[in-house]
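The values are calculated or read from the model by the stated rules, or taken from the named source; none is laboratory data. Bear in mind that the values here come from a model prediction, so they are computed numbers and not experimental data. Here the Cβ positions follow ideal geometry from the backbone for every residue, glycine too, while neighbour counts run over all protein chains shown. Accessible surface areas use protein heavy atoms only, side chains included; no ligands, DNA or RNA. Shrake-Rupley method; radii C 1.70, N 1.55, O 1.52, S 1.80 Å.
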Amino acid sequence: MFSLIILTMCGIVGYVGTSPALIVLLEGLERLEYRGYDSAGVALIENGRLHVDKKVGKIRELVRSLWGKELKAMTGIGHTRWATHGEVCELNAHPHTSCSGDFALVHNGIVENYRELKQKLESLGIEYKSQTDTEAIVHLIDLNYEGDLLKAVLKTIKSLKGAYAFAVISTREPNRIVAVRYGSPLVVGVGKNENFIASDIPALLPFTREVIPLDDGEVVDLRPDGLFIYDFEGNLLTKEVMHVPWDIISAEKGGFKHFMLKEIFEQPRTLGDTIRGYISRDIILPFSLRDFRRVVVVACGTSYHAGLVGKYWIEKYTRVPVEVAYASEIRYADMPVGENDLVLAISQSGETADTRFSALAMKEKGATLLSIVNVMGSALDRESDHTLYTHAGPEIGVAATKTFTAQMAVLFALSVNQSESAQEKMENLLKVPHLVEEVLSKSEKVKELALKYANSTDFLYLGRFLNYPIALEGALKLKEISYIHAEGYPAGEMKHGPIALIDEKTPTVALAPRDRVYEKMLSNIEEVLARKGKVIGVGFEGDETLRKVCTHTIEIPQVDEDMTPFLTILPLQLFAYYIADYLGLDVDQPRNLAKTVTVE
Ligand code: AGP
């Protein structure tokens, strides 16, 4: 028999209170849809018995199967499952129930020793129904139960290895949910005569904005009239309730066809909000980057690209050398790090496993950990010595857009903070939101080009210097939402290999604002044209040379070279969006992707 490893970026929702739980669960699960999932399910305690419904596919399938069932239960848990390996089927969907049928559990993460646990359970005569690691937890809780759900959970977690978050309910104590966080995110929602649990804040926003993010190694005991948080030894903890400043509207589409489009168009505001937080020269940090011998940036995906842009600014304004590393690579690389190093971890979610654990490993070796995160109260936020927030609000589209420009804004403010020209540079940054608005107002031109090239199967994105990371980011956007092969490359490096890809069917997007490498960029564009490639040039307004050279141009306002990445990225975000939408693809939840990657 083959075994499955179920890796999860799943969604968890739980409710215990005085209203029908099902409404909360379904609404909460819908708000977690952006995480990506393949099946969904709920478990409710209805008239002293467990009622479990699970369906493969979208949440609407689950809603259909619940249609007409009058479920008034006031305690329940729900789940969206996202599997990377193995079968997607109802049997493997959550919630999972225990041998006695009295316990139901939803889980996010991996129980690494589940095979061993499963063997032990089977040797005790317990019939294992699914192919998941999750089922082991619920059987163990059932076996360990001696009249107190909390105690059974505390005993069970001692035998689990891996990273996980789970929530469990039992008919033996119908008004109670016990949930655990260990490596996967979990947030408690605090209500009046009702309490909630969810893997992410947007699931809670329709019901409460008072939240307690759990830390790794914490267990919450939720009842309608109170909640208690313990460590794994069962010691009671005191935690602060946080108020979430986002409103529910900012977590909804606001009239746009997709969250991604809404988030692209939100950038004038989100950049303004972020920049306003960093206007004063002194408020940023209690230290200067110059106090360190080196800055090591760790991040993944889009956040990594922001780090690459940040490297140019930090080195220019502080003269401190910067290394930018993929978190997943550096984690196992034995890099010499110590007290003189500043680790700068960049993460929208603050929950990305690779970023967190590589940064924490360096912190353990004595480095200072500074993070740039969007989600306040996220694991990385709490684990860092200092945090700088991007005030971009919740980002729902799987493809990061507004958080990328917000990350760059924080990086720029951080770079110029202690420099002589800080005021002048920040004034340049303050003009960016307005310029972004101007670029976005010309989205129709980008749409036209997107439709013209939507059927191409390969793209090349070229840039140099500050716009090389933008070429990488533009290519990533196209790949992830339109599934079209795109390669981002430093334009000057192209002649060392990738130029062989150029032909009349492979369009090139070339970033050529008038900066210090403009002339070099023009030569690289000529190299593409000479090989019959079509070139979409992104450059400054009124640049006649660029207009003459390129097949098409997209123009952005003239700005200081430092500010160009804020503007050149916008047409690339729109270009990817319009192509994906034209191809009829699921823009906000692209195949195979999850918003937050909490597994290695
Ligand atoms: C970006 O569009 C991607 N969805 C992905 O590369 C993302 O940036 C990466 O997973 C890092 O996420 P984080 O910023 O939340 O750590």
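Between residue 547 and residue 257, what is the FRET efficiency for a Förster distance of 30 Å, r being their Cβ-Cβ separation, to the nearest 0.05?
Efficiency, from the Cβ-Cβ distance: 0.45.
Can you list, largest first and rounded to whole Å, the semi-axes you get for region 219-353 by taking the square root of 5 times each eigenvalue of its Cα gyration tensor?
The three semi-axes for region 219-353 are 32, 26, 17 Å.
Under a crude label model (7 Å from the Cα following the beta-carbon direction), how far is residue 445 from residue 483 in nanometres?
Reported label-point gap for residue 445 and residue 483 is 3.2 nm.
Report the label-to-label distance for residue 454 and residue 329 in nanometres (one decimal), using points 7 Å from each Cα along the Cα→Cβ vector.
3.5 nm
As a test of the definition: which semi-axes, in Å, follow for region 253-430 when you take the square root of five times each eigenvalue of its alpha carbon gyration tensor? Largest first, please.
Sorted largest first and rounded, they come to 25, 21, 13 Å.
Across the Cα atoms of region 165-271, what radius of gyration and what greatest pairwise Cα-Cα distance (Dmax) are found, in Å?
Looking at region 165-271, its Cα Rg and Dmax stand at 16.3, 53 Å.
By per-residue mean of other Cβ atoms within 10 Å, what is the highest-first order of 52-60, 235-243?
52-60, 235-243
Sort 482-491, 160-169, 425-434 for me by packing, meaning the mean count of neighbouring Cβ atoms within 10 Å per residue, highest on top.
Averaged packing, sorted descending, gives the order 160-169, 482-491, 425-434.
Viscosity 0.692 mPa s, temperature 37 °C: Stokes-Einstein D of the chain from its Kirkwood Cα radius, in µm² per second?
130 µm²/s
Quick check of the Kirkwood formula: for region 11-249, what is the inverse mean of 1/r over all pairs of different Cα atoms, in Å?
Its Kirkwood hydrodynamic radius stands at 17.4 Å.
What lysines could a cross-link reach from residue 54, if we take a straight Cα to Cα line under 24 Å and drop same-chain neighbours fewer than 8 places away?
Answer for residue 54, where 24 Å is the Cα cut-off: 69, 72, 118, 129, 595, listed by chain and number.
Take residue 505 and residue 276, extend 7 Å from each Cα along the Cα→Cβ direction, and tell me the distance between the two endpoints in nm.
Once both label points are built, they end up 5.1 nm from each other.
Compute the Rg/Rh shape ratio of region 439-533: radius of gyration over Kirkwood radius, all on alpha-carbon atoms.
A ratio of 0.95.
Which whole-number percentage describes the relative contact order of the chain, with Cα contacts under 8 Å and a sequence gap of 6 or more?
Normalised by residue count, the contact order of the chain is 12 percent.
Sorting check: for 321-332, 353-364, 370-381, which peptide has the highest mean count of neighbouring beta carbons within 10 Å, and how do the rest follow?
Those peptides, ordered most packed to least, come out 370-381, 353-364, 321-332.
Can you give me the Kirkwood hydrodynamic radius for region 108-222, using every pair of distinct Cα atoms, in Å to one decimal?
About 14.9 Å for region 108-222.
Rounded to two decimals, what is the ratio between the C-alpha radius of gyration of region 265-335 and 2.2 N^0.38 Å?
Against the compact-globule rule of thumb, the ratio is 1.30.
Over 27 Å between Cα atoms, which of 120/365; 262/532; 365/425; 442/495; 257/477 qualify?
120/365; 262/532; 365/425; 442/495
Tell me, what is the per residue accessible area of the chain in Å², probe radius 1.4 Å?
Value for the chain: 38 Å² per residue.
For region 30-149, report the translational diffusion coefficient in µm²/s to the nearest whole number, using Stokes-Einstein at 37 °C, 0.692 mPa s, and a Kirkwood Rh over Cα pairs.
Estimated diffusion coefficient is 218 µm²/s.
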